[in-house]
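Before any comments, here is the structure.
The values are calculated or read from the model by the stated rules, or taken from the named source; none is laboratory data. From a predicted model like this one, the values you see are computed outputs, not experimental measurements. Cβ placement follows ideal geometry from the backbone for every residue including glycine, while neighbour counts extend to all protein chains displayed.
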Amino acid sequence: MATDIKPDVRSDVDVVVVGAGFAGLYMLHRLRGLGFSTVVLEGADGVGGTWYWNRYPGARCDIMSVDYSYSFDPELEREWQWSEKYATQPEILAYANHVADRYDLRKDIRFATRVERATWDAGARCWRVRTGTGDEITCRFYVMATGCLSLPKSIDIEGADRFGGDIYYTHHWPHEGVDFTAKRVAVIGSGSSGIQSIPIIARQAAQLTVFQRTPNFSRPALNGPAPQAKLDAFKADRDAYRQAARLSQIGVPAPVTMVGAMQVSEQERRAVYEAAWNSGDLLPTTFADMPTSAVSNETFCEFLREKIRSIVKDPATAEALCPTGYYYGTKRPCLDSGYFETFNLPQVRLVDLRRTPITTITETGIQTTAESMEFDAIVFATGFDAMTGAIVAVDINGRDGLPLKQKWAEGPKTYLGLMTVGFPNCFLITGPGSPSVLSNMMVSIEQHVDWVSEAIDYMRRAGLETIEPTATAEAGWVQHVNDCADITLFPQASSWYMGANVPGKPRVFLPYIGGVDRYRKTCDEVVAQGYLGFCFEGASGVACNDGVIRRLQPDVTIVLEVIESLGLPPVESMSPEAARTLFVALATQRPPGPAVGEIVDGALPGAAGELNYRLYRPATAGPHPVVVYYHGGGWVLGGYDSDDPLCRDLCVRSDSIILSVDYRHAPEARFPAAVDDALAALQWVSFHAKALGGRPGPVAVAGWSAGANLATVACRLARDAGGPPVAGQLLIAPVTDADLTRPSYHENGERYVLTSAIMQWFFDHYVDTAGRADPRVAPLRARDLSNLPPATIVTCEFDPLRDEGAAYAEALAAAGVDVKHIKARGHIHSSLTMVDLVISGAPYREQMGEALRRYASAGRAASLVRAASLV
Ligand code: N01
């Protein structure tokens, strides 16, 4: 009988679970342990899910079996020994059966029962689940444990139904096996299924022709006994081993590196790649920037292509097998057993469909644009409608009858990959928006099942009936999933991760790439914060804990974690000298930024002595427009060279000369020394722009933080002095006021590197309290902001200075100044300057570069008009 939570709510069972693969089996076990009545509905006549169906020759896992197994019961681990490093499909299926028997799960599984429809009954607060046999089962909770790669992609090749020979699908292989002896066989597809089956089919068949559309990166699996070191680590402390897996990036314990591929010599790089090649490991540790840096990733791609060329004897075939046009890992890589070697066999041939596409399948074979070939059998290894296909294959209807298929028409929207708004009490195991296919599925399945079980148990204890995410939480999570993907190379590939393999499917990055460890932490935090982002309904009504769990850009979060791990003393506790030393030391650790055409150091006359400058000249043909740049550092720290990576980046993006100039620092030289120097530098550079190799016409100014403060103050002083004219001002996270009480100070004043305490320390060193209302300190307080150069103001969401930057943008606009306000979502005060470290800052810097280019062309047009009027 169902466990009733509210007397008037009755259902046949507490929970219906769809699918008896590894997710469904563990879900049933957990729920049963908690005392919930549960039924699992399974279309097949046995357990195992993907391992039940995918029986093609050579099918095995490519995550080591010791990792690709349940961890919830140490007893189970003790009694089950895997025979190989990568177990075969029959062995994995035997394991699934063993688990089903050991925990007596079959009695609650209805086999050969396909779920066709599930409808939320709002009145009864239950799901009505309709099966293919016409039965209806009602349940309070509905769990889709249907797997990520279970609905095959429909065959989208013309004439496929005409073929008169034998047709096989890797995803639905005959249980009795297939004998290809003496047969002419075609295999279409070279993903994991194709790559695993081709070498075995080749050994039997009289002829094998592989039809390849996109070559894949594959490395030798080197199957055999599991590595002794792994087994030893497991045996020594299984709890620690399992915990390490849960807290790893991909659900398998692995060393972590912070080293980028281009930070080491070519020789060292090759050594790492050789080790990866010889590891027989799908996800060996190589370099930290492999998923994010095109340049680094390409070095590995080329290494792997060299390996293919060295294995495959026919150069044309080798070249056709070499993956190009996408980066390593952005399409699911493979492990193989003699795949490339297979193409050296006389009976095996590769047809490169990029050169000669299939035009049609005929009654007797396959026709390409170049030839017609006859076959006895065709094997389709053409893949799956991944991640969403099996979910929306069931007609799921939520609140107000909304079909899930309709809600997801433009791509799946979930909160944590676990639930979706409008579908109360409906859970997805390893759904889109969770690490799922980018992880060891076993670890991700266990984590999801545990989370769902605990949520249901919590509801029972709290007397709650429904759970559903809020729209804000879901939108925030979808954004975060995209933010994580967008800093990687993954969205650039036409992969099934992007839905690109299924014609008409929206191109959305489907899994969560932020890592198993971070994901788990996020799910735990959601619970610890009182189920943040969820609404619960119970006897006392609806209670929503609305909010977004992850708002920082993912790479900003990593930077903050690294900074925290350094355990630095607070800047405000230091002397200016000590703080400067620290500032310089930290700067040596950062990536250098892009190469520019030329860098020249020099000096110019300031208001009271020489000021150093560094000039960055683009590699393009000059003369270039000139930008005077003022560095950040609260008027106390930094120097003309301290924003080096940012200046290089702006130079390249704006195609302008960036002249980064020093100014006198406090407390040695307090206000208005820095202002006087800033103006003097602007005047000098404007006058000498041509001599510096610049283009005639007004220069622009730019600055970050206190430097942005000086940039805009210099503009106003120049306006009041009748010149020099300024083409435009780029103000990045500017200080525009000395008011530390704005909401952004309250919200962001403690956690994001630039704190309220540091700003107080800067002001105390820079200027007396009485002087802080001076518009040369607080430009927002200037009485007249009209007739200032056009401005681009960049504010960062998690910056104490955010609100004063926004206020300045508004004030300038109100004074008639042409203002563009760029709001950097998820960024902190310093993250936009972290070139090549905080990749999510790049699109904002591109907008900055574009603004400087705009100012340059407007300035040039104005000077041409002036010149013309003089003629
Ligand atoms: O499917 P796939 P899969 N004409 O989509 C080609 C997991 N898995 O079943 O790339 C011609 O990878 C298609 O070409 P293209 C693993 O996560 C794991 O092999 O779209 N060709 C591609 O080459 C894996 O990634 C294991 O241009 C067509 C192939 O068919 C996922 O399942 C084993 C075509 C499909 O490759 C899917 O693997 C097996 C057409 N019309 C699977 N349509 C292990 O654990 C598609 N293709 C080891």
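Things to note:
- In region 188-200, of all residues being buried (at least 21 other Cβ atoms within 10 Å of the Cβ) and among the β-branched types (V, I, T), the one that is nearest to the ligand (Cβ to nearest atom) corresponds to I188.
- Residue in region 413-427 that is within 16 Å of the ligand (Cβ to nearest atom) and more than 16 Å from Y142 (Cβ to Cβ) present: no
- Looking across V143, V185, one residue alone is more than 30 Å from L31 (Cα to Cα), more than 13 Å from the ligand (Cβ to nearest atom), among the β-branched types (V, I, T) and surrounded by 18 or more Cβ atoms within 10 Å (Cβ to Cβ). It is V185.
- Boolean, R203 is among the basic types (K, R), surrounded by fewer than 18 Cβ atoms within 10 Å (Cβ to Cβ) and more than 16 Å from the ligand (Cβ to nearest atom): yes
- Residue match in region 441-462 (condition: away from the ligand (no atom under 14 Å from the Cβ) and within 12 Å of the chain's Cα centre (by Cα)): no
- Helices (runs of 4 or more DSSP H) contained in region 741-857 and holding at least 3 residues over 37 Å from the mean Cα position of the chain (by Cα) and within 20 Å of G707 (Cα to Cα): 756-766
- For the residues I396, I378, the requirement of being in a strand (DSSP E or B) and away from the ligand (no atom under 12 Å from the Cβ) singles out I396.
- Looking only at residues of region 155-175 that are closer than 15 Å to I366 by Cα and part of a loop (DSSP other than H, G, I, E, B), we find that the one that is farthest from the ligand (Cβ to nearest atom) is G164.
- For region 39-47, the criterion of being out of contact with any Gly (no Cβ under 8 Å at 6 or more places or on another chain), closer than 21 Å to D450 by Cβ, in contact (Cβ under 8 Å) with a residue 12 or more places away in the chain and away from the ligand (no atom under 16 Å from the Cβ) is met by at least one residue.
- Residues in region 563-600 that are surrounded by 12 or more Cβ atoms within 10 Å (Cβ to Cβ) and either touching a Lys or Arg at 6+ places or on another chain (Cβ under 6 Å) or free of Cβ contacts under 8 Å to residues at least 60 places away in the same chain (or both): 18 in all.
- Test: residue in region 350-364 that is among the hydrophobic types (A, V, I, L, M, F, W, C) and either under 30 Å from I487 (Cβ atoms) or without any contact (Cβ under 8 Å) to a residue 60 or more places away in the chain (or both): no
- Leading residue by the ranking (modelled with the lowest pLDDT) among those in region 117-147 that are among the polar types (S, T, N, Q) and more than 17 Å from K405 (Cβ to Cβ): T133
- Residues located in region 538-554, provided they are more than 32 Å from the chain's Cα centre (by Cα) and of a type outside the set (A, V, I, L, M, F, W, C): G538, S540, G541
Results for (1) over 20 Å from A587 (Cβ atoms); (2) part of a helix (DSSP H, G or I), shown as yes or no for each residue.
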residue	(1), (2)
R648	no, yes
S660	no, no
P667	yes, no
A678	yes, yes
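- Unmet criterion (only one of (1) within 15 Å of the ligand (Cβ to nearest atom); (2) in a loop (DSSP other than H, G, I, E, B)) for A390: (2)
- Condition check for A727: modelled with pLDDT of 95 or more, over 17 Å from R670 (Cα atoms) and assigned to a helix (DSSP H, G or I): no
- Scope region 50-92; condition in a loop (DSSP other than H, G, I, E, B), within 10 Å of the ligand (Cβ to nearest atom) and touching a Leu at 6+ places or on another chain (Cβ under 8 Å); matching residues: D62, I63, Y86
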